[in-house]
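I have placed the structure first, in the form of structure tokens, so that the comments after it can refer back to it.
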Amino acid sequence: MALLTQRWANNYPTWARARVDPSSMAQRFFSCFSETYDSLLAEKALLSESFKLYSEKKGLGDFYWVYLEEEDFFRKTGDLLYTYPTLVGTLSSGSTVSIERVDDSALLFNGVPTRLTKLSDETVIPLIWTSAAPDVYNEIKTPSRIGITVSGSTHYKIAGRDKGFAGYYLITVTGYDENHNRIEDTVHIRDDGTFKTHRIYSEITSVITDGFDGVATVFVEESYPVYLPDKFHSGVTVEREGPLHLRLFVDPTSTYTGLELYTKTFRQGTTYRRDKLPDFETDDLEEVIDQQIVLDPDGLKYSIKDFTISPLDGRVWTLSTTGDVYIHENTIREFLLPAEEQSEVTAMDIVPELYRIGLNDTLYLWTWFRQMRGPVKEVSIRRVSPSDVTTYLQSDRVTWGATIHKFEGELENATLPEDTWSNIRFSSLFDELGEWHFYCDSVILAGAGVGTILTSHTGIYCGYNKALKKYSLGLSGAEKIWFSKENHLAIVSNILSNSGAYSYYEVANDVFITDIKGQRILLREIYDEVEVTYG
Amino acid sequence: MGKYTPIKSATGVSLDEVGISLGLQRLPEESLDAYRKRLALQAEDRPRVDERSFIDTISRTVGLFEERIFEIDLVLDGDGDPVAAAPRIEVSSCFLRVWSNYGTSDPELVMDIYNRGKGYHLGDVYTSLNALSFITVTELPETPVEDKDSYKYKRSWFLKYGNTDALEFQGGLRRSRMNNLYNADGTERKYIHNCLFDAGRIFLTEKASYDDLAEPGDYYVDYTEGIVFTYITADGTVSYEYRKFPYTLKLQPVKVFPLYDKDIDHLRKDYLIKDSTGIKDRLQLNPYGAKLVNDMLRAYPLQWGE
């Protein structure tokens, strides 16, 4: 399901299921269109990434053509039907790779990469400067933009109240660029977090901070992101819309790690700067959109050590605790059509606290007596797990068993239909990944649907994200993963002990696209030689 | 079935647009990273129509970068003043010269960096510079640690033409009784000399120390640190010379020097008796000199016509 489905749904009032329930028919319908909308938005962002100044040959810089000779022309087998050749490319190292055909330029440029090739290893001290030791400036090994983190602030100064403060929350970094010209970059700090300089430094000679009392640290590029904003997607909730952020989360049993998608509503800095504003709890500052346990391409769970968002394809690249690299699509799972259809008339609904939750979470749900025209005779609540095991809510409202328990309506002293039912709260543990189906079967004594069992359905997704691809690198000591400014994959170990051992990998996508009219082949990567054969 | 060698087809990127406006085109086979670095240099240090700028910017037009080799600074005495009275470094077309008291005595070091001899390689230059007591030399080559000495076998003739002399003409003074003199990049300018102030009423009598400032018109210049102190608030401008220390000796991939440089005469001119003096001097263009002049005239014909 596309993240932008909620944007469509937010045209409806908050009481409507179309707005709040992603398992509703309406949202499943909206999802058909928002999928396209979502991918267009991602492609637009990817296009801007392809203009990134640093990127090495990826994107629009160079193409590689193969002009076919007549004996290798694409073979026509019917109207608009062709047989395409099999391509094998010889790399500069001498090894050969199979080159697959794609029929879409988006897949040519931004498809899932097929090959990781190690380029180099080097040792880097990632920490350049910290406000805890302000006189020490470590060497920058390779000129790069500078990553800055500000954390632990308890006070942001206020102009007029804090003596000598001019009103600018900033970090000014002075040093030399890669051509050894003296440069200065000022990063304006709106809140604690992670920032990056615009300029590229080869040496830092001074760092000045003002406006906050937290610890500022200056690192080599993106060594220490606190969280990652996803520029390819938006974070839309029922209430509001903002940038989509990602971070790691651990399930309540501390067994699995995964990705948490959330959007921020307020900045903590806001509370620092205004008197008489209460300190917000973290939960008030952000809204979680989904929690996803990560699975490998075979559907087996694995634990994430670190992750990054690829500028090459907009996808999430993760580093597992075993040192392997996985590629995930950054999206949320689609709610499926329930196996059992809802009745045309609904008397009683089930409303959960959340529609998307993490593995091993316990969630409260409520019944909602919607059609209060007929007295309620009896209600039973069914639960179908992702592995298709049906259980029924028992009288204690906590236990789920194989036998049906019917909650009776309070008919005896009732004068109005609404008096016959008090909504009940019950809980469920979600210990299985996938969509959980909750059915509410109710029998009413008057009004539409009388004489039949009225069934409503509510879906709750225990989120997961299955990897598109896995690269078995087995770098068990690796701690961090990110993309360098040249769009190379950097996998780093020992970074936490500040003696980072960097390994850089070239990311390649061995694919080609055909130009039938010109009888030529467009390649994504560089090969010394390409062999064209027809099977 | 056939085997093919893919043909590279370069297409435009946003950097190319930037390059056009900065007057630097992307070269065939040049990586985007190197091109971006070249454009950053061009944007930071725009070419000007003077000899100095021509020398500074020529390498980047062919996609090459200068390499920093040595940083030379002055040795200071106990008072923080340079040990040398008038230090000067000069790299000409064929010679490296270092003075401790320029204008008064001969250079302490003269190295022929063109011909094979003791100044042919940078390693020899480093050894000679390091032996001078009034300067300190720091090696700067940006080579991996394991190859840190490899630069010593590069030709020293590619040292960039230039010297430590510099002049500030009519630099403004702030309305303050203490004026620090700054470089364009905000760093402090040191080792100034020959100051000329245009506000005569404020700069009437130069004193030997700050403590001697006693009445309007008194002023004191800290020549080492580049600070001007006045008894009353300063105003107007100051023109002065200064020595560019620490001085960075760079290796220039495209060596540039003016043809009027006397030090290259021994390469391009033969001896001839000078009419006015009757003494042999290098006046007659030899074949190499004639070739240079012809190349120049071909590029810049100094007459109407072709």
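Each value in this text was obtained by applying a stated rule to the coordinates, not by laboratory testing. The shown structure was predicted, so the numbers you read here are calculated from the model rather than taken from an experiment. Backbone-built Cβ (ideal geometry, glycine too); neighbour counts: all protein chains shown.
Some notes on this structure:
- DSSP loop chymotrypsin sites (Phe, Trp or Tyr not before Pro) with at most 10 other Cβ within 10 Å: longest gap in chain B: B:1-259
- Each other residue within a Cβ distance under 11 Å of A:Leu337 adds +1 if Lys or Arg and -1 if Asp or Glu, for a net charge of -3.
- Mean ellipticity per residue at 222 nm, deg cm²/dmol - from DSSP H runs of n ≥ 4 across chain A, formula -39500 (n - 2.57): -2500 deg cm²/dmol
- Residues A:Lys480, B:Lys118, B:Lys207, sorted so that the one with the fewest Cβ neighbours within 10 Å comes first: B:Lys118, B:Lys207, A:Lys480
- Estimated inter-spin distance, B:Arg52 and A:Ser254, nm [label 7 Å along Cα→Cβ]: 6.6
- Inter-site label distance for B:Thr104 and A:Ile516 at 7 Å from Cα along Cβ, in nm: 8.8
- Most positive-pole-ward Cα, A:Gly535, B:Gly200, A:Cys462, against dipole of the protein assembly as shown from beta carbon charges: B:Gly200
- Considering only the protein assembly as shown, percent of DSSP beta bridges that pair antiparallel, nearest 5: 95
- Förster radius 60 Å - calculated FRET efficiency between B:Thr187 and B:Lys280, Cβ distance, rounded to 0.05: 0.80
- Taking the longest Cα principal axis of chain A as reference, the axis of helix A:25-50 is set at about 10 degrees.
- An ellipsoid equivalent to region B:166-242, defined through the eigenvalues of its Cα gyration tensor, has semi-axes of 19, 13, 11 Å when rounded to whole angstrom and sorted largest first.
- Fewest-first sequence of A:Phe335, A:Phe33, A:Phe483 by Cβ atoms within 10 Å of each Cβ: A:Phe33, A:Phe483, A:Phe335
- Label-reachable residues, region A:5-44, where backbone N falls under 16 Å from a point 7 Å from A:Glu341's Cα toward its Cβ: A:25-26
- Pair B:Asp124, A:Ile526: separation of 7 Å Cα→Cβ label points (nm): 3.8
- With contacts taken as Cα pairs under 8 Å at a separation of at least 6 residues, region B:46-127 carries a relative contact order of 13 percent.
- Ascending count of other beta-carbon atoms within 10 Å, so fewest first, for A:His405, A:His233: A:His405, A:His233
- Contour excess over end-to-end distance, with Cα ends at A:Glu100 and A:Ser206 and 0.36 nm allotted per residue: 33.1 nm
- Region A:100-172: trypsin sites (Lys or Arg not before Pro) falling in loop per DSSP and having at most 12 other Cβ within 10 Å: A:Arg161, A:Lys163
- Kirkwood Rh and Cα Rg combined as Rg/Rh, chain B: 1.05
- Alpha-carbon centroid distance for the pair region B:172-250 / region A:103-179, whole angstrom: 39
- For chain A, the relative contact order works out to 20 percent when only alpha carbon pairs closer than 8 Å and six or more residues apart are counted.
- Neighbour cut-off at most 11 other Cβ (10 Å), DSSP loop, GluC sites (Glu not before Pro), region A:121-178: A:Glu139
- Per-q log10 I(q)/I(0), the protein assembly as shown, q = 0.09, 0.11 Å⁻¹ (Debye; single scatterer per alpha-carbon; no solvent): -1.10, -1.38
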